[in-house]
Amino acid sequence: MNQVNRRIVEYIRDEWVIPMNNNSRFAIEHDIDEKTVRRIREDETYQISLNTIMKICDTKNIKLSDFFKMVGI
């Protein structure tokens with residue numbers, strides 16, 4: 001399960017957080033705490049919640065099932 005979580009966090013980090021290069025803006029645009037964005041970006045042991053994934057997917061107009069396909073899960 002930890003490997004699945006790691007793939008999700010790394011996908012969000014590499015595809016969306018790092019390219020934006022602004023933690024505050026990403027947090028505001030995706031209705032999550034900036035602390036969560038910092039954890040996604042920096043914490044190698046961060047366990048992302050389903051609620052956070054759903055918020056990010058919702059603002060990107062991506063169905064959760066499509067997101068998991070994108071991540072390869």
Selection over the stretch 15-47 where residues are under 14 Å from residue 67 (Cβ atoms) and either in contact (Cβ under 8 Å) with a residue 60 or more places away in the chain or of a type in the set (D, E, K, R) (or both) yields a count of 1
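Conditions (1) touching a His at 6+ places or on another chain (Cβ under 6 Å); (2) over 15 Å from residue 57 (Cβ atoms); (3) surrounded by fewer than 16 Cβ atoms within 10 Å (Cβ to Cβ), marked per residue:
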position: 6; (1), (2), (3): no, yes, yes
position: 12; (1), (2), (3): no, no, no
position: 15; (1), (2), (3): no, no, yes
position: 20; (1), (2), (3): no, yes, yes
position: 34; (1), (2), (3): no, yes, yes
position: 37; (1), (2), (3): no, yes, no
position: 42; (1), (2), (3): no, yes, yes
Any residue that is touching a Cys at 6+ places or on another chain (Cβ under 6 Å), surrounded by 14 or more Cβ atoms within 10 Å (Cβ to Cβ), without any contact (Cβ under 8 Å) to a residue 40 or more places away in the chain and among the hydrophobic types (A, V, I, L, M, F, W, C) - is there at least one of those in the stretch 55-65?
no
Restricting the search to the stretch 1-55, which residues are of a type in the set (Phe, Trp, Tyr) and within 15 Å of residue 73 (Cβ to Cβ)?
11
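None of the figures in this text is laboratory data; all of them are computed from the coordinates on show. It should be emphasised that the depicted structure is a prediction, and the values quoted were computed from it without experimental measurement. Note: ideal-geometry Cβ built from the backbone for every residue, glycine included; neighbour counts use all protein chains shown.
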